[in-house]
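The values are calculated or read from the model by the stated rules, or taken from the named source; none is laboratory data. Worth saying up front: this structure is predicted, and the values here are computed from it rather than measured. Note that we place each Cβ from the backbone using ideal geometry, even for glycine, and neighbour counts take in every protein chain shown.
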Amino acid sequence: MSNLATVLDDSPVRLAPRLLGSLLVRDTPHGQIVGRIVETEAYHQSGVASHSYRGQTPRNAVMFGPAGFAYVYFTYGMHYCCNIVTGTKGEGSAVLIRALEPLEGMEQMAKNRGRDDELTNGPAKLCQALNIDKSLNGHDLSMPPLTLVLKDPPKESEVVQSTRIGISHEQHQPWRFYLKDCEFISKK
C-alpha cells in the first residue's frame, strides 16, 4: 500500500477537510497544470446522496477501493467530476474535489475552458481546466498523469464546514468543507 493510500484509508468526512491545501497535479503534453484544493465534499455509502448507496456497480466500482484512486464520473450528460477514493477497501466512499486555486498552467487551463475567468471554481470546471475525463477513472493518484500531493492540513480555524451543494438528498449533512475567505470556491 502506498503512503498516499495509507493516509486516505480513513472516513471521507475526516479526509475532506484534511485534503484542503493539497495539490492536484496534471501532466499534459503542454506542460504541468497545478491547483490547490480549496473545496471538498464527503460521500459515503451510508448516505443516499452517494453513488455507492445502492451497492457496487460497474459505474461506481472504483469507489469501493482501495483508497488513493480517482473516481471520475460523467454527469448531466456533459460534465466530468473528480473524486478521491477514501476508506477501507470494500466500503464505497470518496471525496469530491469541488474547487481548486489555480497555481500553474493557467494559460492551458484557460485554453481547455475556452475562457480566462472562473477556471476551477466548480467540480466540472476544474475537470475541464485540467482535462480530467473518464480515461482517468480508476487512476492511481500517486503517479502521473494525475497526482495528488498531500500537504499539511489547514488549521481548524481556516476551514468552513457547511452542507453540500446541488444535492436533493441529505441536504442537512454538513459534509462540505472549504478554505475560509478563499476567492476560488464554487459558492459561499
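Data table
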read-out	value
Candidate set from the stretch 61-74 (those that are assigned to a loop (DSSP other than H, G, I, E, B) and touching a residue at least 60 places away in the same chain (Cβ under 8 Å)); member that is surrounded by the most Cβ atoms within 10 Å (Cβ to Cβ)	A67
Hits in the stretch 126-152 (condition: among the hydroxyl-bearing types (S, T, Y) and more than 23 Å from T75 (Cα to Cα))	S142
Residue among G166, G77, G87 that is buried (at least 22 other Cβ atoms within 10 Å of the Cβ), of a type outside the set (D, E, K, R) and at positive phi	G87
Residue list for the stretch 81-118, restricted to those being within 19 Å of L148 (Cβ to Cβ) and hydrophobic (A, V, I, L, M, F, W, C)	C81, C82, I84, V85, A94, V95, L96, I97, A99, L100, L103, M109
Residue within the stretch 131-146 that is buried (at least 16 other Cβ atoms within 10 Å of the Cβ), aliphatic (A, V, I, L, M) and over 13 Å from the mean Cα position of the chain (by Cα) present	no
Test: L119 is under 19 Å from Y80 (Cα atoms), among the hydrophobic types (A, V, I, L, M, F, W, C) and not in a loop (DSSP other than H, G, I, E, B)	no
The lone exception for V7 - which of (1) at pLDDT below 95; (2) within 14 Å of P153 (Cβ to Cβ); (3) assigned to a strand (DSSP E or B) it fails	(3)
Within the stretch 125-188, strands (runs of 3 or more DSSP E) holding 2 or more residues that are modelled with pLDDT of 95 or more and over 18 Å from L8 (Cα atoms)	159-162, 176-179
Residue selected from the stretch 62-86 under the condition at pLDDT below 90 and small (G, A, S), by the criterion farthest from the chain's Cα centre (by Cα)	G77
Checklist (1) under 19 Å from A42 (Cβ atoms); (2) assigned to a strand (DSSP E or B); (3) not charged (D, E, K, R) applied to Y80, failing item	(1)
Number of the exception - P102 against (1) of a type outside the set (D, E); (2) in a loop (DSSP other than H, G, I, E, B); (3) crowded, with 19+ Cβ neighbours inside 10 Å	(2)
Any pair with Cβ under 6 angstrom, 6 or more apart, that starts in the stretch 177-188 at a residue that is closer than 11 Å to S162 by Cβ and ends at one that is in a loop (DSSP other than H, G, I, E, B)	Y178/I185; K187/I165
Residue selected from the stretch 41-61 under the condition over 20 Å from V149 (Cα atoms) and hydrophobic (A, V, I, L, M, F, W, C), by the criterion modelled with the lowest pLDDT	V48
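Condition check ((1) touching a Phe, Trp or Tyr at 6+ places or on another chain (Cβ under 8 Å); (2) among the small types (G, A, S); (3) over 19 Å from M143 (Cβ atoms)) across all residues:
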{"site": "D10", "(1), (2), (3)": "no, no, yes"}
{"site": "L15", "(1), (2), (3)": "no, no, yes"}
{"site": "G21", "(1), (2), (3)": "no, yes, yes"}
{"site": "Q32", "(1), (2), (3)": "no, no, no"}
{"site": "M78", "(1), (2), (3)": "no, no, yes"}
{"site": "N83", "(1), (2), (3)": "yes, no, no"}
{"site": "T86", "(1), (2), (3)": "no, no, no"}
